[in-house]
Every structure is written in C-alpha cells, then in structure tokens.
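Beneath this line is the structure, given in structure tokens, with notes to follow.
A short reminder: the numbers here are calculations on the coordinates, not readings from a lab. Note that the structure is predicted; figures quoted are calculated from it, not measured. All Cβ positions, glycine included, derive from the backbone under ideal geometry; neighbour counts span all protein chains shown.
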Amino acid sequence: MAKQKPSKQQVYTLVVQVGRHADDGLPEGSTGAALMCYASGVDEAEAVRETVAILKQADLAPLDVSGYGTLAEREAEGHEIEPDERELMQRALDENSVVVAQMTPFFGDQDQP
C-alpha cells in the first residue's frame, strides 16, 4: 500500500447542536446540548464529517453543525482567541482529532442556537 503524502490539515471551530439519545451522557432533564468543537480537516466539510461521525460513536445525536472557520479566519473577523482555546486547537491539529471544548445543555423551552 502506497503511503499517502501528508495533507495540509487545519483546525476548524464548530458548534454542534445535539438532541437526546439513549446513553448520551447529557444531564437528566436536558433536551439536548450545544458542543463547541475544534476539528482538524483538509477543509471544513471534512472536519464536519469527522466531528459528526465521532459524536455518533459517542452515542450523541448531532442535529445541526455551524462552522466558524479556521484560527486565521476567526482572527481576520476580529475574534479574540484565548490562550487556552489556542492550546485546544493545537491539540486537535497535533492529534488529527476532534476536541470537544465546551458543552452547554439545553433545558425545557430554552432558546437553542
């Protein structure tokens, strides 16, 4: 099998809205959650596909994904990126993985993103 040449991975910031699913680990009484993720990929579409696949393996039920771009794109838009957020992005890049940085559960009729 021929070794593929390394691709240019970037890290994308994604917010994934998830619904309830058996054994999802979300807090009791919640109707779902929003997950802030940093995902590596050669493009945003790949990052989204990988994130959705991993969340499904974790018994979560992804409903919607919003992309916020790469670190450079976010900086160009004027986003302030904290050092801890940069570390998590670097980890996603180094490990070619998806890092879930934050989970915000939804309860009741709360407005969802």
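For the pair ALA101 and GLU28, how long in nm is the line joining their label points, each one 7 Å along Cα→Cβ?
Each label point lies 7 Å from its Cα, and together they span 3.2 nm.
Among residues other than ARG91 whose Cβ falls under 12 Å from its Cβ, what is the net charge (Lys/Arg +1, Asp/Glu -1)?
-4
Let me check against my output: what whole-number percent is the relative contact order of the chain, with C-alpha pairs under 8 Å and at least 6 apart?
This gives 38 percent for the chain.
Which whole-number percentage describes the relative contact order of segment 19-65, with Cα contacts under 8 Å and a sequence gap of 6 or more?
For segment 19-65, the relative contact order is 46 percent.
Taking the chain as the reference, fit the longest principal axis to its C-alpha atoms, fit the long axis of helix 44-57 to the helix C-alpha atoms, and give the angle between the two in degrees, 0 to 90, nearest 10.
Rounded to the nearest ten degrees, it is 50.
Going by alpha carbons, how many degrees (0 to 90, nearest 10) lie between the helix axis of 83-95 and the longest principal axis of the chain?
70 degrees
Where in the chain lies the longest segment free of GluC sites (Glu not before Pro) that are both loop residues by DSSP (not H, G, I, E, B) and have at most 10 other Cβ atoms within 10 Å?
29-76
Mean projection of the alpha-carbon convex hull of the chain over all orientations, in nm²?
If I average the Cα hull's projected area over directions, I get 8.5 nm².
How much length is gained on full extension from GLU46 to HIS21, taking 0.36 nm per residue of separation minus their Cα-Cα distance?
Value of the extension gain: 6.6 nm.
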